[in-house]
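Peer 1: The structure under discussion is supplied below as structure tokens; questions concerning it will follow.
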Amino acid sequence: MTVLDQLADQTERLLRSARNLPDASGPSLCAGWTRGHVLTHLARNGDAIARAARGAVDGTGTAMYDTVESRDADVDAGAGRPLADQVDDVVATAGLAASALAALIAAAPEAFVARTPGGPTFRAANLPGMRLREVVYHHVDLDAGFGFGDLDSDLVSMLLADQVKRLQHLDDAPSIRLRTDEGDGFTIGDGAAYVTGSRAGMLMWLARQDPSGVHADALPTLPTGVCVMAYEPDVHPGDPASVRELPDLTIRKLAVSAMSNNVYLLTCKGTGAQLLIDAADDALAVLDLVAAGGGGLGNVVTTHQHWDHHRALAAVVSATGARTSAGVDDAAALPVAPDWLLSQGDWISFGDATLSVVHLRGHTPGSVALAYDDPTGHVHLFTGDSLFPGGVGNTTNPGQSFDSLYADVVSRVFDVYDDDTWVYPGHGSDTTLGAERPHLQEWRARGW
């Protein structure tokens, strides 16, 4: 069954429940919302999904909503209507969404759309799954006798995995190790709290903070409002940059080249000062990234000497006038002589932000990582090619040393920073030190 087939089935199930409600004024499971709010929200979401899908197909790039405020105002304005009007609205907009999504999948699944104009974008192919999640979750929210346990096991499993991923990407993610009765295992953060339960019970707790279907010695507090994931750590060449908003710093992640190199732009919110990590390739795309941050670039840091991490360095420096930095032992191999040579324990400042320099020897002699210690959160560590999900960087070529790199990664990273430290590598998706720490001895034993 395709996602569109599942969406049609779950929409019909929701409508059957809605038609059997006594009225729309009763409370829902969403704090402060009546059932009328839930139904109106579903209708306006149907409009928004159809609008974005049509914009992807016709090339206009129309966003889902004009603003978040106008979306919320529309829900409040429609919540008090009679139940029959609410149901008719959901039926009509669900039909619009279904037709637009079918056309989208056939014509433009690789296009990008946004929730609001100028906001972060995502692949239009994600729209059917987003709508399916909205329909299922808000069916539960109607509190009309339908629960996650009424779904088939494959759909519950898919929604649970999605909800876990959303929590894993939050800056205030709880520390939980999950084990379902069906045998699934998930870890969020460093996994300090052990929670068990059925898939449906686990999803009800994670998505709607209802602990009735889970068991633990002490349940951690879950963050609220996790329906939208603001930052996507897994970006690919051709994708728009993924944007992560911290209180004082904005992080933009862009993938370039056939080697899927990650380029990171850090923007100080207080001053607008910007720092770029690895001008790897595609100078025009990198300059567009700089412009998206507000323009102006003070420093380009190259994490190490390998050619794939500095192919656009000269062009970016020429276009922006930025100064450059690199590890002292890799500087001679770069196409632009660094203005600042970096060593273990150094600091780099831009605007109100400060990065500490971590020298990690082994992938190259002068590889450096950069650590930003968020004063209201956790550490964000940019590791170049020295640390990835699943292990340290490559050390199989002449002049490289696994023993040296492993020793530095352990003593200068894992022994220094907490498990909630977020790791941004030079290629591929992100990880945390908590996710990698249990595997250190495995890395040591295998030698890579």
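The values are calculated or read from the model by the stated rules, or taken from the named source; none is laboratory data. On a predicted model such as this, the values are computed, not experimentally measured, just so you know. Cβ atoms come from the backbone with ideal geometry, glycine included; neighbour counts cover every protein chain shown.
Peer 1: Quick check on Leu39: is it within 24 Å of Asn126 (Cα to Cα), at pLDDT 95 or above and either touching a strand residue (DSSP E or B) at 6+ places or on another chain (Cβ under 6 Å) or surrounded by 16 or more Cβ atoms within 10 Å (Cβ to Cβ) (or both)?
Peer 2: yes
Peer 1: Within the range 97-118, how many residues turn out to be part of a loop (DSSP other than H, G, I, E, B) and either buried (at least 19 other Cβ atoms within 10 Å of the Cβ) or in contact with a helix residue (DSSP H, G or I) (Cβ under 9 Å, 6 or more places away or on another chain) (or both)?
Peer 2: Taking the range 97-118 as the starting set, the residues that turn out to be part of a loop (DSSP other than H, G, I, E, B) are 108-111, 115-118.
Still in the running and either buried (at least 19 other Cβ atoms within 10 Å of the Cβ) or in contact with a helix residue (DSSP H, G or I) (Cβ under 9 Å, 6 or more places away or on another chain) (or both): 108-111, 115-116.
Total meeting the criteria: 6.
Peer 1: Separate question: Which strands (runs of 3 or more DSSP E) sit wholly inside the range 237-355 and have at least 1 residues that are of a type in the set (Ser, Thr, Tyr), surrounded by 21 or more Cβ atoms within 10 Å (Cβ to Cβ) and out of contact with any Lys or Arg (no Cβ under 6 Å at 6 or more places or on another chain)?
Peer 2: 261-268, 299-302, 323-327
So that you can scan it fast, the table gives a plain yes or no per residue for (1) touching a His at 6+ places or on another chain (Cβ under 7 Å); (2) over 30 Å from Ser25 (Cα atoms); (3) among the acidic types (Asp, Glu); (4) crowded, with 17+ Cβ neighbours inside 10 Å:
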site	(1), (2), (3), (4)
Leu132	no, no, no, yes
Leu142	no, no, no, yes
Gln163	no, no, no, yes
Ala192	no, yes, no, no
Asp210	no, no, yes, no
Asp217	no, yes, yes, no
Pro220	no, yes, no, no
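Peer 1: Another one. Mind listing just one residue for me: the one in the range 42-61 that is touching a residue at least 12 places away in the same chain (Cβ under 8 Å) and β-branched (Val, Ile, Thr) and, of those, surrounded by the fewest Cβ atoms within 10 Å (Cβ to Cβ)?
Peer 2: Val57
Peer 1: Here is a further query. Tell me the residue from Phe148, Phe112 that is among the aromatic types (Phe, Trp, Tyr) and under 26 Å from Ser242 (Cα atoms), please.
Peer 2: Result of the check over Phe148, Phe112: Phe112.
Peer 1: I need a count of the residues in the range 356-379 that are part of a strand (DSSP E or B) and either at pLDDT below 95 or surrounded by fewer than 21 Cβ atoms within 10 Å (Cβ to Cβ) (or both).
Peer 2: Looking only at that region, the number is 6.
Peer 1: Go through Ser175, Ser157 for me and flag whichever is among the hydroxyl-bearing types (Ser, Thr, Tyr) and in contact with a strand residue (DSSP E or B) (Cβ under 8 Å, 6 or more places away or on another chain).
Peer 2: So the residue among Ser175, Ser157 that is among the hydroxyl-bearing types (Ser, Thr, Tyr) and in contact with a strand residue (DSSP E or B) (Cβ under 8 Å, 6 or more places away or on another chain) is Ser175.
Peer 1: When only residues in the range 395-436 that are in contact (Cβ under 8 Å) with a residue 60 or more places away in the chain and in a helix (DSSP H, G or I) count, which is surrounded by the most Cβ atoms within 10 Å (Cβ to Cβ)?
Peer 2: Going through the qualifying residues, I end up with Gly434.
Peer 1: Determine which member of the set Val136, Val113, Val87 is in contact with a Gly (Cβ under 8 Å, 6 or more places away or on another chain), touching a residue at least 12 places away in the same chain (Cβ under 8 Å) and not aromatic (Phe, Trp, Tyr). Steps first, answer last, please.
Peer 2: Values: Val136 fails: in contact with a Gly (Cβ under 8 Å, 6 or more places away or on another chain); Val87 fails: in contact with a Gly (Cβ under 8 Å, 6 or more places away or on another chain).
Within the list Val136, Val113, Val87, the selection yields Val113.
Peer 1: Yes or no: Ser157 buried (at least 16 other Cβ atoms within 10 Å of the Cβ) and in a helix (DSSP H, G or I)?
Peer 2: So Ser157 fits the description; yes.
Peer 1: Filter the range 367-403 for residues that are over 19 Å from His427 (Cβ atoms) and polar (S, T, N, Q) and give the result.
Peer 2: Once the filter is applied, which keeps residues that are over 19 Å from His427 (Cβ atoms) and polar (S, T, N, Q), the range 367-403 yields Thr376, Ser401.
Peer 1: For the range 384-394: of the residues being touching a helix residue (DSSP H, G or I) at 6+ places or on another chain (Cβ under 8 Å) and part of a strand (DSSP E or B), which is nearest to Val263 (Cα to Cα)? Walk me through it before giving the result.
Peer 2: Step one: filter the range 384-394 for residues touching a helix residue (DSSP H, G or I) at 6+ places or on another chain (Cβ under 8 Å), giving 384-387, 389-393.
Cutting the leftovers down to part of a strand (DSSP E or B) gives us 384, 387, 391-392.
Details: Gly384: 10, Leu387: 15, Gly391: 20, Val392: 19 Å.
Within the range 384-394, the match that is nearest to Val263 (Cα to Cα) is Gly384.
Peer 1: Could you check how many residues of the range 179-201 are touching a helix residue (DSSP H, G or I) at 6+ places or on another chain (Cβ under 6 Å), farther than 26 Å from Thr376 by Cβ and of a type in the set (A, V, I, L, M, F, W, C)?
Peer 2: The total comes to 2.
Conditions (1) assigned to a helix (DSSP H, G or I); (2) within 31 Å of the chain's Cα centre (by Cα); (3) modelled with pLDDT of 90 or more; (4) over 12 Å from Leu142 (Cα atoms), marked per residue:
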site	(1), (2), (3), (4)
Thr11	yes, yes, yes, yes
Leu21	no, no, yes, no
Ala43	yes, yes, yes, yes
Gly46	yes, yes, yes, yes
Ala56	yes, yes, yes, yes
Tyr65	no, yes, yes, yes
Arg81	no, no, yes, yes
Ala84	yes, no, yes, yes
Ala92	yes, no, yes, yes
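Peer 1: Can you tell me how many residues in the range 105-157 are closer than 16 Å to Ala48 by Cα and among the aromatic types (Phe, Trp, Tyr)?
Peer 2: Summing the residues that are closer than 16 Å to Ala48 by Cα and among the aromatic types (Phe, Trp, Tyr) in the range 105-157 gives 2.
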